[in-house]
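J.: Mind looking over this structure? Questions follow.
The values are calculated or read from the model by the stated rules, or taken from the named source; none is laboratory data. Keep in mind that what you see is a predicted model, and the values were worked out from it rather than measured. When we count neighbours, we look across all protein chains shown, and the Cβ atoms used for this are built from the backbone with ideal geometry, even at glycine. For accessibility, only protein heavy atoms count, side chains too; no ligands or nucleic acids. Shrake-Rupley method; radii C 1.70, N 1.55, O 1.52, S 1.80 Å.
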Amino acid sequence: MNFLSAFVTFENLHEVRRLCHWGPVIALSVIAICSTMAILDSVIWYWPLDTTGGSINFLMLINWTVLILYNYFNAMFVGPGYIPLGWKPETLQDAQYLQYCRVCQGYKAPRSHHCRKCNRCVMKMDHHCPWINNCCGHLNHAYFTSFLLLAPLGCSHAAIIFIMTMYTQLYERISFGWSTVKIDMSAVRQFQPFMPFSVPAFAATLFALGLALGTTIAVGMLFFIQMKVILRNKTSIESWIEEKAKDRIQHYQTGEEFIFPYDLGSRWQNFKQVFTWSGTPKGDGIEWLVHLKCHQHTLTIEQLKQKADKRVRSVQYRAIEDYNGACCPLSKGLQTFFRTPCTEEPRIPLSKGDTILATRGTKWWMYGDKVLSEEQMRGIKRVRGWFPRRCVEKCHYDTAASDKKD
């Protein structure tokens, strides 16, 4: 209902532009191809008006398509929910436990993170998904996960239809030596509509079968990944924060005990925080139910500790080659070209002499913040991203991490 209201009244007309992106174009094309071919092939294989089984098969196929599109568009247009611009905690004293977002000119509420693609702080952000061209977060997490469940189920049903259609159309025309493999198709052959199964139809069905099987495997894996974090009442980002918390405690031998604050101790209780009968998840996106030994800012305090530790561990580098910010720079060597990070995180252009504080990296690429002068920082947002390792060299004096301004 929320989706229909937002869509019919067009309260957020600019949201429709999310369809104009390669992710939704590919996703909707796969859905359209698989659904259309499955409907056509089901008519050829199991005529829906002739038997009860054919009718049920056809109605289930339509049902999958409707449910998949319903949850897909809800995930896209309902959105994750955003922290209001300029947001501040009710108690100003709590601001010391929160990170400040210079882009949104406000504090980041617990569990929220700033998305570079959406250019907003997102409530309970899990990740930015290119297939819906939107973030997966507080308000649309259930819709997104439902889509990840329904898409493999629908594609599995479609794959069965494709296989049976090709079998019934070919097993009498071509001998494959399957003399012992016979399927009694008399029940579904009482009426055969006039729809010739030509070579192009066979090729289209085979192509749709490949899409259906690929979608079932790929999206099915994503569903299990999402359910794993949902049953612990986490997000993908929070799982990474928890892992870094354990690493920080082990590295410094602080003896702390980090308890993830949002795990309520029961998988069923965690499940109900996301999935509800009304479709609206529990919570307002600002305050959350927490573990008895934790409080609202347990995780945000840990994030601040990790941010401080990140500054300490950062290493200062100086650019020795110019880099134009290309995703796959062939001029920087074949290894750099082929080993480019598979992520939507930005690349930062470098000029010879630039200073960068690197925080992580691979053998061929590094990630870090470009050190800006005070004058540059007034008009430019924080500049961080990936750059080729061969373009920089490590400075052999004390790092300037302590001088870094966020």
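J.: Could you say which residue among K282, K332, K307, K352 is more than 18 Å from D369 (Cα to Cα), among the basic types (K, R) and open to solvent by 40 Å² or more (accessible area, probe 1.4 Å)?
T.: After ruling out the rest, the residue left standing is K282.
J.: Determine whether A208 is in the same structural domain as A75 (by the TED database), among the small types (G, A, S) and open to solvent by less than 50 Å² (accessible area, probe 1.4 Å).
T.: yes
J.: Among strands (runs of 3 or more DSSP E) lying entirely in segment 89-159, which contain 3 or more residues that are within 13 Å of the chain's Cα centre (by Cα) and touching a residue at least 12 places away in the same chain (Cβ under 8 Å)?
T.: In segment 89-159, the matching strands (runs of 3 or more DSSP E) lie at 127-129, 134-136.
J.: Related question: Among the residues of segment 107-126, count how many are surrounded by 19 or more Cβ atoms within 10 Å (Cβ to Cβ) and either farther than 16 Å from G285 by Cβ or of a type outside the set (A, V, I, L, M, F, W, C) (or both).
T.: 9
J.: Restricting the first residue to segment 290-307 and requiring it to be farther than 14 Å from N233 by Cβ, which pairs with a second residue that is not in a loop (DSSP other than H, G, I, E, B) and not small (G, A, S) meet a Cβ separation below 6 Å and a spacing of at least six or different chains?
T.: Sorted first by the residue in segment 290-307, then by its partner, the pairs are H297/Y97; T300/Y97; I301/Y97; Q306/K244.
J.: Does L49 count as open to solvent by 50 Å² or more (accessible area, probe 1.4 Å) and touching a helix residue (DSSP H, G or I) at 6+ places or on another chain (Cβ under 8 Å)?
T.: Against the criterion (open to solvent by 50 Å² or more (accessible area, probe 1.4 Å) and touching a helix residue (DSSP H, G or I) at 6+ places or on another chain (Cβ under 8 Å)), L49 qualifies.
J.: Test of understanding: among A326, A319, which residue is of a type in the set (G, A, S) and either surrounded by 16 or more Cβ atoms within 10 Å (Cβ to Cβ) or under 29 Å from R111 (Cα atoms) (or both)?
T.: A319
J.: I need the helices (runs of 4 or more DSSP H) fully contained in segment 247-338, keeping only those with at least 2 residues that are among the β-branched types (V, I, T).
T.: 298-313
J.: Anything in segment 366-406 that is modelled with pLDDT of 65 or more, acidic (D, E) and not in a helix (DSSP H, G or I)? List them, or say none.
T.: Passing the criteria: D369, E393.
J.: Taking segment 50-62 on its own, how many of its residues are over 37 Å from the mean Cα position of the chain (by Cα) and in contact (Cβ under 8 Å) with a residue 60 or more places away in the chain?
T.: Qualifying residue count, segment 50-62: 3.
J.: Suppose the filter is in a helix (DSSP H, G or I) and not acidic (D, E); does L222 pass it?
T.: So L222 fits the description; yes.
J.: Are any residues in segment 63-83 among the β-branched types (V, I, T), modelled with pLDDT of 95 or more and in contact with a helix residue (DSSP H, G or I) (Cβ under 8 Å, 6 or more places away or on another chain), and if so, which ones?
T.: T65, I68
J.: Okay, moving on. Taking into account only those residues within segment 58-90 that are touching a Phe, Trp or Tyr at 6+ places or on another chain (Cβ under 8 Å) and open to solvent by 20 Å² or more (accessible area, probe 1.4 Å), which is nearest to R18 (Cα to Cα)?
T.: Among them, the one singled out is F77.
J.: Here is a further query. Hey, can you tell me all the residues within segment 223-255 that are of a type in the set (D, E, K, R) and surrounded by 14 or more Cβ atoms within 10 Å (Cβ to Cβ)?
T.: Within segment 223-255, R232, K234, E238, E242, K244, R248 qualify.
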